[in-house]
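J.: Would you mind keeping the following structure in view while I ask a few things?
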Amino acid sequence: MEPLLQFAPMQSSVDEGFWHRLSSLKLNKLGIDDSPIHIFGFYAPCSHSQVSNPLTLLSESLPSELSEASLIPEPSRGNRNKCSVPGMLYNTNTVESFHALDKHDLLKKEAAKIWDDILTGKAVEDCSVLSRFLVISFADLKKWTFNYWFAFPALMLDPPAAVVNLKPASQWFSVAEAESLSAACNEWRGSKSTSDVPFFLVTIDQNSCATLRLLKDWEACKGNANKILFGFYDPCHLPNNPGWPLRNFLALISVRWNLNSVQFFCYRENRGFADMKLSLVGEALITVPQGWKDTVPSAVGWELNKGRKSSRCISLAQSMDPTRLAISAADLNLKLMRWRALPSLNLNALSSLKCLLLGAGTLGCQVARMLMAWGVRKITLVDNGRVAMSNPLRQSLYTLDDCLNGGEFKATAAVESLKRIFPAVDAEGIVMAIPMPGHPIHSQEHDSVLDDCKRLRDLIEAHDSVFLLTDTRESRWLPTLLCANINKITITAALGFDSFLVMRHGAGPLSPAHKFNAEIVNSSSVDKPVNDANGKHRLGCYFCSDVVAPTDSTSNRTLDQQCTVTRPGLAPIASALAVELLIGILHHPQGIFAVGDINNSVDRATEQPLGILPHQIRGSLSQFSQMTLIGYSSSNCTACSHTVVSEYRNQGMEFILQAINHPTYLEDLTGLTELMKSATSLSLDWDRDIDEEDDDCVEI
């Protein structure tokens, strides 16, 4: 009795790039969709006497994120070292689902595809389908670990095939035949049209001349040659066992051509050329029972892990660059938002956003960290203060070391801290004071102050959004003016002892989207709002509700008035709301021109994905309350009114110097002085009326 033909199992290998591509595809395109994914694996003939070639998955095995909904990658063609084999990937959403997959059923389905390809003749036209495979996997994108299991479905002949006279090809063929076959194989492997065709026919005529033909040429070959062998690229190196691909090849030969005796050729190479000493030739004896074509044969093929039937697990966390790991982890939460909660989240807009933070204190530290959590990568902090011993407890980016030797500059220390937290952040710290109205300067300081003004102007122009986070009112005036002039997104956060204000500034008065009526611009009514071209009120800035110009708020103050004395929980709340307000603006179709919403003012049909977009948010910790308000722009505003912005455009830096050095300049310019006189006159008239009425009274 002839010995049974035993096959060497197929081995697998997964390149790191495959897992990176799968992770990106899962996060950015697939989300929770766990439908099977068409993939391609690659293998080549054995090229070393001691090592078998595995079927390998590369990054290109998967479809790109730009592929159509079919998600079918383009197979690689014409590469002699990468024979493409179609496969199916079942990637689950949970590790429990991974372990619960019906592996027997999955293997049976893939085997049925191979059987159908054999019966329909597809396997003759495209022989790569004989080596179909499947992979089940679970990607833990938090820990960067991947569970996976390969299966190489092989149809089982019943009874199994027997083998006769299996030996090296160099011993099977004559010297002339072996030389001719080697040359034919090298020519086949050197041609782009056939180099990656893994199954073929070998014919040898009476003159010992060998020829390689495609499987579809069987009818033409069988009558014109003395010897016909069925060849395949054998990835196995073992001297006494053919490789796994021969199993389904024998099923094809038996079904399509009804052969009971098959001479097979296991093609192997050495350094890229045919090696007849490594290659094997043998004869398989096949006995097929009656009617076996009517049902799909049983199949085997799950890959063993160290001799056991179990999945494998690989961790890429240790091999990945720490910065790259940090980026992937930081983006994970944001990308998961797009799976269900917020599909419209624009991650590209966030990652390319440039944010300028004026103030690196309690608010600035919190805002910077919140921005990074939202995926913002470019952050610039401006502050001229140093880290004091009292700062680290409330200002989250500083430690005791930053306080020593007089203290590090806050702007530079904050940037170093941000980079330690997240190495990929593009952060810059600028040590600079902001010129302020009500703080007169000497003539010898004019040049340095003007330089600061110009530098601040350039910074605002170079960024997409600006946060006003300073601890004095007057330090917000110049940035507010500069932002209004160029229509820059501006967010203000201000703290009291137990209350806070977070607001977004409206669009500038000279924005192309707004037109202004001269009567409205010149009106002396402080609460008269300015309308845009659509008749909608333009939202105000931080100074629009003031009836006085910003002045020096730091002189002649007690210690508790010099420091920002607030309840510790206030800054994190206000900072978070400030950043959320910016994200809302970026995702609103009208952006900076969006009208102000208040609670319950927007119905569900028109609400944006992130909810309402308020103008002002005022909160109180003493009442544990929060309210949304709308404050419209004022034609008398000392920072964003048409009058002030126009005067700045006309005079430039000279206008700023006048505002700094002359306390009443802004009030006189905007009409606030006249307004206050009118209010005083009205009060005097009211008092006189009261006095006249008192003369008529009888004292009791």
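J.: Working only within the range 189-221, note down all residues that are of a type in the set (Asp, Glu) and either assigned to a loop (DSSP other than H, G, I, E, B) or open to solvent by less than 10 Å² (accessible area, probe 1.4 Å) (or both).
T.: So the first thing to find is which residues in the range 189-221 are of a type in the set (Asp, Glu), and the list is 196, 205, 217, 219.
Residues satisfying the conditions are Asp196, Asp205.
This table checks each residue for (1) assigned to a loop (DSSP other than H, G, I, E, B); (2) open to solvent by 60 Å² or more (accessible area, probe 1.4 Å); (3) charged (D, E, K, R).
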position	(1), (2), (3)
Arg324	no, yes, yes
Ser328	no, no, no
Leu332	no, no, no
Lys335	no, no, yes
Trp339	yes, yes, no
Pro343	yes, yes, no
Leu350	no, no, no
Cys355	no, no, no
Ala360	yes, no, no
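J.: In the range 291-305, what residues are within 18 Å of Leu55 (Cβ to Cβ) and open to solvent by 60 Å² or more (accessible area, probe 1.4 Å)?
T.: First, the residues of the range 291-305 that are within 18 Å of Leu55 (Cβ to Cβ): 299-305.
Within the range 291-305, Leu304 is the sole residue that qualifies.
J.: Give me the pairs, please: first residue somewhere in the range 360-389 and within 14 Å of Ala493 (Cα to Cα), second residue anywhere and part of a helix (DSSP H, G or I) and open to solvent by 40 Å² or more (accessible area, probe 1.4 Å), beta-carbon distance under 7 Å, and either six or more positions apart or on two chains.
T.: Gln366/Pro572
J.: Take Asn224 and decide whether it is assigned to a helix (DSSP H, G or I) and either open to solvent by 20 Å² or more (accessible area, probe 1.4 Å) or over 19 Å from Arg268 (Cβ atoms) (or both).
T.: So Asn224 does not fit the description; no.
J.: Which of the residues spanning the range 279-307 are closer than 16 Å to Phe7 by Cα, in a loop (DSSP other than H, G, I, E, B) and touching a residue at least 24 places away in the same chain (Cβ under 8 Å)?
T.: Hits for the range 279-307 are Ser279, Ile286, Glu303, Leu304.
J.: Here's a follow-up. Out of all the residues in the range 176-195, which are of a type in the set (Asp, Glu) and closer than 11 Å to Met276 by Cβ? Steps first, please.
T.: Keep residues of the range 176-195 that are of a type in the set (Asp, Glu), which gives 177, 179, 187.
Selection gives Glu177, Glu179.
J.: Residues in the range 77-97 that are more than 30 Å from Lys142 (Cβ to Cβ) and open to solvent by 50 Å² or more (accessible area, probe 1.4 Å): how many?
T.: First, the residues of the range 77-97 that are more than 30 Å from Lys142 (Cβ to Cβ): 77-86.
Retained after the next criterion (residues that are open to solvent by 50 Å² or more (accessible area, probe 1.4 Å)): 77, 79-81.
Residues that pass the stated criteria total 4.
J.: Hey, another quick one. Considering only residues that are touching a residue at least 60 places away in the same chain (Cβ under 8 Å) and charged (D, E, K, R), look in the range 604-655 and name the one that is least open to solvent (accessible area, probe 1.4 Å).
T.: Selected residue: Arg618.
J.: Name the residues in the range 98-115 that are closer than 24 Å to Phe42 by Cβ and open to solvent by 50 Å² or more (accessible area, probe 1.4 Å), would you?
T.: Lys109, Lys113
J.: Can you tell me which residue within the range 430-468, out of those that are open to solvent by less than 40 Å² (accessible area, probe 1.4 Å), assigned to a loop (DSSP other than H, G, I, E, B) and β-branched (Val, Ile, Thr), is modelled with the highest pLDDT?
T.: Filtering the range 430-468 for residues that are open to solvent by less than 40 Å² (accessible area, probe 1.4 Å), assigned to a loop (DSSP other than H, G, I, E, B) and β-branched (Val, Ile, Thr), the one modelled with the highest pLDDT comes out as Ile434.
J.: To continue, here is another question. Out of (1) at pLDDT 85 or above; (2) crowded, with 16+ Cβ neighbours inside 10 Å, the odd one out for Gln658 is which?
T.: (2)
J.: What's the number of the only condition in (1) out of contact with any strand residue (DSSP E or B) (no Cβ under 9 Å at 6 or more places or on another chain); (2) in a loop (DSSP other than H, G, I, E, B); (3) within 20 Å of Leu481 (Cα to Cα) that Asn405 fails to meet?
T.: Failing condition for Asn405: (3).
J.: Please specify each residue of the range 148-193 satisfying the condition of being touching a Gly at 6+ places or on another chain (Cβ under 6 Å), of a type in the set (A, V, I, L, M) and more than 27 Å from Asp116 (Cα to Cα).
T.: Within the range 148-193, just Leu166 meets the criteria.
J.: While we're on this one: Has the range 397-416 got at least one residue that is closer than 17 Å to Cys355 by Cβ and open to solvent by 50 Å² or more (accessible area, probe 1.4 Å)?
T.: No, because not a single residue in the range 397-416 is closer than 17 Å to Cys355 by Cβ and open to solvent by 50 Å² or more (accessible area, probe 1.4 Å).
The values are calculated or read from the model by the stated rules, or taken from the named source; none is laboratory data. In this text, all values refer to a predicted model and were calculated from it rather than measured experimentally. Note: ideal-geometry Cβ built from the backbone for every residue, glycine included; neighbour counts use all protein chains shown. Please note that ligands, DNA and RNA were not included when accessible areas were found on the heavy atoms of the full protein model with its side chains. Shrake-Rupley method; radii C 1.70, N 1.55, O 1.52, S 1.80 Å.
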